[in-house]
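The values are calculated or read from the model by the stated rules, or taken from the named source; none is laboratory data. Owing to the predicted nature of the structure, the values given are computational and were not obtained by experimental measurement. Don't worry about glycine lacking a Cβ; one is built from the backbone with ideal geometry, like all the others, and counts go over all protein chains shown. Surface accessibility is based on the protein's heavy atoms, side chains included, excluding ligands, DNA and RNA. Shrake-Rupley method; radii C 1.70, N 1.55, O 1.52, S 1.80 Å.
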Amino acid sequence: MTGPTADGDRPNPFSLPVFDLGAAGYTAQEYFFGGTATSYAPEPATTLGPDGRWTMKASRTASFKTRMLVLRPSDPKKFSGTVWVSWLNVTAGFEIGDFTRESLRDGDATVYVSAQKAGLDGVPGAEGNGLRKWDPERYGSLFHPGDDFSYDIFTKAALLVGRDRGKLPVDPMAGFDVKQVFGTGASQSAFRLTSYLDGVQPLTRALDGALLIANFGRAAAFQTATGTDAADEAFSRPPVRIRADLGIPTILVSTETEAESVYPARQPDTATFRFWEIAGAAHAGGGPDTIGDVVKLFTRDGLKLPTGSLGSTSGAVGATAAPNSLDWQPVVATAGVDLTRWASGGPPPPALPRIAIEGNPPRIERDADGNALGGIRMPDLEVPVATYSGTVPGASLMASLFGTMSPFPPSRLAALYPDRQTYLTAYDHAVDKAVTAGYFLARDAPSIKAAATANATALFPDH
């Protein structure tokens, strides 16, 4: 372990959040770590079946050197004791963090881990987004033996910031008293965390809990052939559950985009597992803060999108629809708070209804306006002004990640809400209902209501 790193050709580390960390009382420092990583293979009698009960063994070894970006409170007294180890997502051909501001409110630390090869080397057509070419002065010494070794690299990162890390010559946690370490990741990173939980966590016990976001019920490979697309490979196999005997609290937060894909692997809530499924939400949707942060990061860091990547397909929606902007981050924030409490011996999170699905192949059931039935009911679905979909009909999977939103015509709005106040009263009640049901935090309710009040002016301009 070495660091913190100094400025290289650029003044900031890659994927540094764009919002003001100092104003939130936080410090960001980057560290390099390396050594020998291990890959994993199934034991001879093990089938990597859909129940996730996999028995793995160490396979090959290889040298590596990669990095972690550590966000922690500037004042040690304000540290909560919780560390989130975040698997950086490389779907777009470069590393994307979760851009969360939520953990900054509670004194948690977040550690972004460059666990995959694409993060260091980029992808064909956008090699300049890889760390080593993006800033050769800072990252030129890093090297990665391949994604087969990503699971052990993630383990090593978790142990280096954990409560049993001992007295390190270079401590990325600056001597902070760590109580618990959680793994987290979204989308492609959730694929890899599913494999990690099912096959590696039972061997390492490196995590005290896990929060997976927007997984399609898939797991990544442990051994990937050269030239194989990781996502295509994952979707070529049946959906996979989180193993039921994992023994650490785990929450999977899913959106409508993934619902039909996850459905064959739906699993019941247990003493250590919760599955939260958000009706109307799109995989790559989000509120203005999330979208704005992404735009600012692209501008600041001069990132290029390779052809066919996630971000280059956001316009693939119909003429009467826009990308789905339903903000489901308040549910993720609630899940994070609940997981922390749960792992500390507190009460479990609520068991919440799933999206209504029927038929073969499975299809989401919808109301007369086209909105999904069942699931976690966002105020935007309880008091709708549009049809929200988690997919784009007829589009590729990548293009579908942004979903669609089709505003109701004025006649439908008038039939539902005679005036602006009728709408706002109903919306505020829906927010209070979400708090009572346990998927919104009470502290978030005022800002959610305020956003609805601001939007109502455009919806009801004559009132």
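Model label sites at ALA58 and ARG341, defined 7 Å from Cα along the beta-carbon direction, differ in position by 4.1 nm. Bridges between two residues of the chain, per DSSP, are antiparallel at a rate of about 55%. Each Lys or Arg adds one and each Asp or Glu subtracts one; over the other residues with Cβ under 12 Å from the Cβ of ALA219, this totals +2. Just need the relative contact order of region 167-254 here, percent rounded to a whole number, with Cα pairs under 8 Å and 6+ apart. In percent, rounded to a whole number, it is 33.
Based on protein heavy atoms only, region 123-176 ends up with 42 Å² per residue of surface accessible to a 1.4 Å probe.
Counted by Cβ distance under 11 Å from GLY107, the other residues give a net charge of +1, where Lys and Arg count +1 and Asp and Glu count -1.
Amide H to amide H, with H built 1.01 Å from N, GLY125 comes under 5 Å of no residue 5 or more places away or on another chain. Select one label from (1) 34, 28, 21; (2) 35, 25, 23; (3) 108, 26, 21: the one whose number is semi-axes √(5λ) of the Cα gyration tensor in Å as derived from the coordinates shown. Among (1) 34, 28, 21; (2) 35, 25, 23; (3) 108, 26, 21, the one derived from this structure is (2). Only helical runs count toward this figure. For the chain, summing -39,500 (n - 2.57) over DSSP H runs of n ≥ 4 and dividing by all residues gives -7500 deg cm²/dmol at 222 nm.
Assuming a ≥ b ≥ c are the square roots of the Cα gyration tensor eigenvalues, decide whether region 33-152 counts as rounded (a/c under 1.5), prolate (otherwise, with a/b larger than b/c) or oblate.
Cα axes put region 33-152 in the oblate bin.
Against the main long axis of the alpha-carbon atoms of the chain, helix 288-301 sits at an angle near 40°. Relative to the longest principal axis of the C-alpha atoms of the chain, give the angle of the C-alpha long axis of helix 150-160, reported between 0 and 90° and rounded to the nearest 10°. Computed tilt is about 80 degrees. How much of the accessible area of region 332-463, probe 1.4 Å, is carbon plus sulfur, in whole percent? Its accessible area is 59 percent carbon and sulfur atoms. Straight-line reach from LYS65: taking Cα to Cα under 17 Å and skipping same-chain neighbours fewer than 8 places apart, the lysines in range are LYS117, LYS133, LYS156.
Using C-alpha pairs below 8 Å separated by at least 6 residues, the relative contact order for the chain is 13 percent.
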